[in-house]
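First comes the structure, then the notes that go with it.
The values are calculated or read from the model by the stated rules, or taken from the named source; none is laboratory data. As the structure is a prediction and not an experimental result, all values here were calculated from the model. So basically every Cβ, Gly included, is an ideal-geometry build from the backbone, and we count neighbours across all protein chains shown.
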Amino acid sequence: MRVRLQGIVVTLVALLVFGLGIPLALSTAGSLQQKLFLDRLTDTSRFASLAQRPLLDNQLGRLEPELRRYTEVYGVKVVVVNQDGEPVLSSLGAGRVDRSAIEVPVNEALAARPPAAGPLLMPWATKPLVLAEPILIDGEVRGAVVTESATDHVRTQLMWQWLLLAAGALVAFGLALLVALPVVRWTLRPVRRLDEATGALVASVVSGREAEPVGESGGPPELRQLGRSFDRMAASVSEALAAQRAFVADASHQLRNPLTALKIRLGNLDGQVTDETAAADLEAAQVDAKRLNQILDELLSMARAESAGGELVSEDLAEVIADRVADWSVVGAAREVALESAVDVGGARVLVPPRGLEVVLDALLDNALKFSPSGTSVEVAAEVADGRATVSVRDHGPGLREEELERAADRFWRSTAHQNVPGSGLGLAIVTEIVRHSGGELRLSLPEGGGLRVAMDFPVAS
């Protein structure tokens, strides 16, 4: 927007400068031409008046010395023609008259038409100024006086004046830009602040930090009012999401106590129910209570992940991976699923929320083991490149369909093919929040050979 607005301002300034400069240049050319025309017209009219008597008495020789002197002083050629258009006297002497150059003006003068200034004089025009004044005797045209003036000095003067005007136009254009561009920046400063604040708002809201206000950042009153409205909107969004997170955390905590009591009561009924139907119902109730307890645990994990804020800690990547693989290997062995790790990160440390890397690996390994059939393996890999650490977990289970990859990280979403597998659908959502808080990215892919690969990027601690 800034480039477009500056382009518009520059275009308007250019139109203003050239819109005033071009007419002024043409006016200067017309003024110089008019001055030359009037000066030569006066001299031509004077010679036409002086030639009346000599032409009538057929004694033009008396006028020749004055014409020669005039040409020597001013460099202007003077020719006297008779009523038939034939040259009878020239300031350059007989036989030195270019009749083709004076034919048109002579014909107009013999027709008793007054001289005209001709087309507008331009610096590149090389034609001389030719004026013809009729010689009137007793109201009858008896001949004409023609003057032929070079325009070199006038064209040179016009060129210098145009150059001066061009220099002035460039200076005016530069000064206008010096004034206009700061005004454009001042006008767009609130827009730039709004753009920055909009980008920061998403990160602030997601991380649980307070959104940075736009405030009074200058600019037109309308844009300042827009900035204040944005601040109120950002504050409302932050408060609403904070209240939502607080509600989830509080509700999860409050539900844990009655749920624990319910699990204890159901446990106390073990062996006390003899009816087969009631025993089946009791077993189903215990399974549902266990599942509800798992959902509450994951809701608490989600609430902690969302409210982790911008606090990041440095954790040893290889150490955490080795620790989690060792712990989950016991679960894998019970399910006849091998856990394999390929970690080549040296002593690299990554920046994550407190215990964030453990939570991420626990959620991914739990999912991988749940969906991996016996006799297969789960592969954990990590590498470091260009200041980023990439951690991936790959299983050999049924995987997902291509169109399901985009929704896999949504809260409570589960594939229709996995409805019979225990789970709440919050695992990948929790992983996504933690990775996002860390400044990384989560990617899901379907590798060759089946299964699902989940890869994450984390910033490496300096």
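If you go through the stretch 261-282 and keep only what is surrounded by 13 or more Cβ atoms within 10 Å (Cβ to Cβ) and without any contact (Cβ under 8 Å) to a residue 12 or more places away in the chain, you end up with Val273, Ala279. Within the stretch 169-178, the set of residues being surrounded by 11 or more Cβ atoms within 10 Å (Cβ to Cβ) and free of Cβ contacts under 8 Å to residues at least 12 places away in the same chain comprises Leu170, Val171, Gly174, Leu175.
Report, by residue number, each residue of the stretch 368-389 that is of a type outside the set (Asp, Glu), in a strand (DSSP E or B) and within 14 Å of Gly449 (Cβ to Cβ). If you could, list the steps in order and put the result at the bottom.
From the stretch 368-389, those of a type outside the set (Asp, Glu) are 368-378, 380-382, 384-385, 387-389; that's our starting set.
Pick out the ones that are also in a strand (DSSP E or B) and you get 377-378, 380-382, 384-385, 388-389.
Selection gives Ser377, Val378.
Taken as a whole, the condition of being of a type in the set (Gly, Ala, Ser), assigned by TED's automatic domain parsing to the domain that holds Glu403, under 20 Å from Arg401 (Cβ atoms) and modelled with pLDDT under 80 applies to Gly427.
Taking the condition surrounded by 13 or more Cβ atoms within 10 Å (Cβ to Cβ) and either within 15 Å of Val352 (Cα to Cα) or at pLDDT 75 or above (or both), does Arg304 pass?
Details: surrounded by 13 or more Cβ atoms within 10 Å (Cβ to Cβ): yes; either within 15 Å of Val352 (Cα to Cα) or at pLDDT 75 or above (or both): yes.
Yes; evaluated as a whole, the condition is true for this residue.
Screening Val73 with (1) surrounded by 13 or more Cβ atoms within 10 Å (Cβ to Cβ); (2) free of Cβ contacts under 8 Å to residues at least 24 places away in the same chain; (3) among the β-branched types (Val, Ile, Thr) gives one miss only, at (1). Screening Pro119, Pro134 for residues that are assigned to a loop (DSSP other than H, G, I, E, B) and assigned by TED's automatic domain parsing to the domain that holds Leu24 leaves exactly one candidate, Pro119. Hey, could you check the stretch 31-70 for residues that are in a loop (DSSP other than H, G, I, E, B) and in contact (Cβ under 8 Å) with a residue 24 or more places away in the chain and say which is nearest to the chain's Cα centre (by Cα)? The selected residue is Ala51.
Of the residues Ser377, Ser415, the single one that is over 16 Å from Ser314 (Cβ atoms), at pLDDT 85 or above, out of contact with any Cys (no Cβ under 7 Å at 6 or more places or on another chain) and surrounded by 15 or more Cβ atoms within 10 Å (Cβ to Cβ) is Ser377.
Considering only residues of the stretch 374-395 that are within 34 Å of the chain's Cα centre (by Cα) and in contact (Cβ under 8 Å) with a residue 24 or more places away in the chain, which is farthest from Met456 (Cα to Cα)? The extreme case among them is Gly387. Identify all residues within the stretch 429-462 that are of a type in the set (Asp, Glu) and part of a loop (DSSP other than H, G, I, E, B); write none if there are none. Selection gives Glu441, Glu448. With respect to Glu108, determine if the residue is assigned by TED's automatic domain parsing to the domain that holds Arg142 and over 18 Å from Ser45 (Cβ atoms). Judged against the criteria, Glu108 is not a match. Please determine, by comparing only the residues of the stretch 40-70 that are surrounded by 15 or more Cβ atoms within 10 Å (Cβ to Cβ) and acidic (Asp, Glu), which one is modelled with the lowest pLDDT. Going through the qualifying residues, I end up with Glu64. Taken over the stretch 154-190, the criterion of being over 12 Å from Pro123 (Cβ atoms), of a type in the set (Lys, Arg) and modelled with pLDDT of 85 or more is satisfied by no residue.
Results for (1) touching a residue at least 12 places away in the same chain (Cβ under 8 Å); (2) part of a loop (DSSP other than H, G, I, E, B); (3) over 16 Å from Leu452 (Cα atoms); (4) touching a Leu at 6+ places or on another chain (Cβ under 8 Å), shown as yes or no for each residue.
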position	(1), (2), (3), (4)
Glu315	yes, no, yes, yes
Ala326	no, no, yes, no
Ser329	no, no, yes, yes
Glu336	yes, yes, yes, no
Leu339	yes, no, no, yes
Leu361	yes, no, no, no
Gly397	yes, yes, no, yes
Leu400	yes, yes, no, yes
